[in-house]
Amino acid sequence: MAYDYKLLMDKAKEASRNSYSPFSRFAVGACVLAKSGKLYMGCNVENSSFGMTICAERCAIFKAVSEGEREILAVAIYSPNSDDCNPCGACRQVMYEFQPDDTEIEIITENLGELNIRKLSEYLPYGFKI
Ligand code: THU
């Protein structure tokens, strides 16, 4: 489906400015479009106990779910420190949990100013769901 991909990416960029990443110095921002039409932004939040770190994508998804959303249509991801910043494996599985039955989640990344739009199944074929 066609969403306002540029708006989602602009919001992901905005979110990346709030990144708390003093350890990796790798900032990430994400913007989730929920089926309700609402947008949820998130950033990576690191911790002195490194394993407690949460990725930007999961931060944004959990914000959406905690506000009552259950279906996600698209996720934009941005890092000022990397071209085409792609979601980690854990975030792919979390996205899969909230993928609607009739639509694939679209993932938006940016490389040299160009938006890439890819389906979640390209990132995570045969995702796990109970
Ligand atoms: N990170 C994300 O926020 N999203 C990803 O998909 C990959 C990694 C964060 C976690 C950590 O704060 C930093 O990037 C370096 O791994």
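The values are calculated or read from the model by the stated rules, or taken from the named source; none is laboratory data. Computed from a predicted model, the values in this text were never measured in an experiment. Using ideal geometry, Cβ is built from the backbone for each residue, glycine included, and neighbour counts are taken over all protein chains shown. Just the protein is used for accessible areas: all its heavy atoms, side chains included, with ligands, DNA and RNA removed. Shrake-Rupley method; radii C 1.70, N 1.55, O 1.52, S 1.80 Å.
A few comments on the model shown:
- Positive contributions from Lys and Arg (+1) and negative ones from Asp and Glu (-1), summed over other residues with Cβ under 15 Å from the Cβ of Glu71, come out at -2.
- Contact order relative to length of region 17-87, as percent, for alpha carbon pairs under 8 angstrom and 6 or more apart: 34 percent
- The angle between the Cα long axis of helix 56-66 and the longest principal axis of the Cα atoms of the chain comes to about 50 degrees, rounded to the nearest 10.
- From the alpha carbon centroid of region 40-57 to that of region 67-83 is 14 Å.
- Candidates per chymotrypsin sites (Phe, Trp or Tyr not before Pro) in region 1-43, loop by DSSP, up to 11 other Cβ within 10 Å: Phe23
- Applying both filters, DSSP loop and at most 13 other Cβ atoms within 10 Å, to the trypsin sites (Lys or Arg not before Pro) of region 31-85 gives Lys38, Arg70.
- Local net charge near Ala27, Cβ-Cβ under 13 Å (Lys/Arg +1, Asp/Glu -1): +1
- Based on the Stokes-Einstein relation at 37 °C and a viscosity of 0.692 mPa s, and on the Kirkwood radius from alpha carbon pairs, the chain is assigned a translational diffusion coefficient of 228 µm²/s.
- Net charge of the neighbourhood of Glu106, taken over other residues with C-beta under 9 Å away and scored Lys/Arg +1, Asp/Glu -1, is +1.
- Helix-only CD estimate at 222 nm, as mean residue ellipticity for the chain, using -39500 (n - 2.57) per DSSP H run (n ≥ 4): -8000 deg cm²/dmol
- Net lengthening on full extension, Asn86/Tyr126 (0.36 nm per residue, minus Cα-Cα): 12.6 nm
- Based on protein heavy atoms only, the chain ends up with 54 Å² per residue of surface accessible to a 1.4 Å probe.
- Remark: relative contact order (the chain) = 22 percent; criterion is Cα-Cα distance under 8 angstrom and separation of 6 or more residues.
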